[in-house]
Amino acid sequence: MSDLYTLGEMMGLFLATDTDDVATAAKFELSVAGAEVNVAVAVTRLGLRATLISRLGADQLGKNILAKLKSEGLSLDGIKTVESYTPALVRNRGKENPIDVTYLRKSSAGSTISVADIKEEEIASARWVHMTGISVAISESSAGAVAKAMDLARKNNIPISFDINLRRKLWSESQAAQALHSLIHDVELVIGGVDEYAVVWGSSDPEENLRLAGAAGAKTAIMTAGDQKMRVLHNGERFDISPEVVETVDPVGSGDAFVGGTISGILGGLSMRESILQGSTCGALVASHLGDWTGLPFGTSGVISQRLVKSS
């Protein structure tokens, strides 16, 4: 039995460290990237168990990623090694220049995830299922796996969260709108930015898009806006929450940390407000460090340790 079930592509992240421009950089730091693995590591660090379904290539980069996941205490049982290559991304830190990402992922190992990887018993024994729009975008087979996992979660009454996570380098807004609008319904939690909600639900009014998400069966809809107040619609109650603001070192991965911290809080018995605030703390800690999960906090049973909360 696991607390969280998720699936998605993992990549080697090559982060330029000596300059803030990949074109002029000579030194890169290797870590792991991927929205779903970031969330899985977040909940694992907070003392919960995660099942991650993914595929890596039979190459040295894949072995490097597996070693890093093992060091985090993440189960490797759901990760297959296949003949396709392990994907990668290369980017700058975004401190002096806008973040610019180059993906090396077309036809990669992660994109071959399919319905064959989905086992009902793994979903039925989980406490929570988490999916993202990235796994819908990377390939038809992966999109099919997401749809099957969500259908099985609904069949077995397992709560679902969905992070819109729109990546415009992977597909157009019209493609995303068509695929995600029909997929995101009857879920426990949906998370996305103001612009992402607009793509999925089509209104120029953020409040209307929040209402439409609720009408589609989202029990809780969280709309983020960077360091501005988050709009929340929870079981019909509308309220705002101010995110924790820190000096940003590297914003990439902070959104996944927010998601992981929020889900963990819910599973740990916190109220929705408390869970969102915990998610905000996780996101802020990651944003204040280089790398997708470097700053993720530790905790017990889904809740950040009080010692860390008091010192942060």
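Taking amide hydrogens as placed 1.01 Å from N in the peptide plane, the amide H of residue 193 sits under 5 Å from those of 165, 224, each at least 5 positions away in sequence or on another chain. Distance from the C-alpha centroid of region 108-131 to that of region 243-258: 27 Å, rounded to the whole angstrom.
Relative contact order of the chain, taken over Cα pairs closer than 8 Å and 6 or more residues apart, is 17 percent.
Add -39500 (n - 2.57) for each DSSP H run of 4 or more in the chain, then divide by its residues: what number comes out at 222 nm, to the nearest 500 deg cm²/dmol?
-11000 deg cm²/dmol
Within straight-line reach of residue 106, meaning a Cα separation under 12 Å, sit the following aspartates and glutamates at least 8 residues removed in sequence or on another chain: 9. Per-residue Karplus couplings for region 47-53, computed as 6.51 cos²θ - 1.76 cosθ + 1.60 with θ equal to phi - 60°, are listed in order as x, 10, 10, 10, 9, 10, 9 Hz, Gly and Pro entered as x. Backbone geometry of region 202-214 corresponds, through the Karplus equation with coefficients 6.51, -1.76 and 1.60 at θ = phi - 60°, to 3J(HN,Hα) couplings of x, 9, 7, 9, x, 5, 5, 5, 5, 5, 5, 4, x Hz, x marking Gly and Pro. Region 216-234 and region 57-74 have Cα centres lying 34 Å from one another. Amide H contacts under 5 Å for residue 80: 54, 55, 56, restricted to partners 5 or more places along the chain or on a different chain, H placed in the peptide plane at 1.01 Å from N. Judged by the ratio a/c of the largest to the smallest principal axis of the C-alpha gyration tensor, the chain counts as rounded, that ratio being less than 1.5. Taken one residue at a time, the phi angles of region 215-232 give Karplus couplings (6.51, -1.76, 1.60, θ = phi - 60°) of 5, 7, x, 7, 5, 9, 10, 10, 10, 8, 8, x, 8, 8, 4, 8, 8, 10 Hz. Gly and Pro are set to x.
Only loop residues by DSSP count here, and only those with at most 15 other Cβ atoms within 10 Å; note down the GluC sites (Glu not before Pro) in region 175-234 that meet that.
Within region 175-234, no GluC sites (Glu not before Pro) qualify (loop, at most 15 other Cβ atoms within 10 Å).
Taking Lys and Arg as +1 and Asp and Glu as -1, the other residues whose beta-carbon sits under 11 Å from that of residue 195 total -1. Could you tally the net charge around residue 270, taking each other residue with its Cβ under 15 Å from the Cβ of residue 270, Lys/Arg +1 and Asp/Glu -1? With Lys, Arg at +1 and Asp, Glu at -1, the net is -1.
Taking a sphere under 13 Å around the Cβ of residue 244 and counting the other residues whose Cβ falls inside, with K and R at +1 and D and E at -1, yields a net charge of -1. Along its principal axes, region 1-140 has C-alpha extents of 49, 32, 27 angstrom, given from the largest down.
Only the coordinates and a few stated rules stand behind these numbers; no lab work does. None of the values given here were measured: they were computed from a predicted structure. FYI the Cβ positions are ideal-geometry reconstructions off the backbone, even for glycines, and counts take in every protein chain you see.
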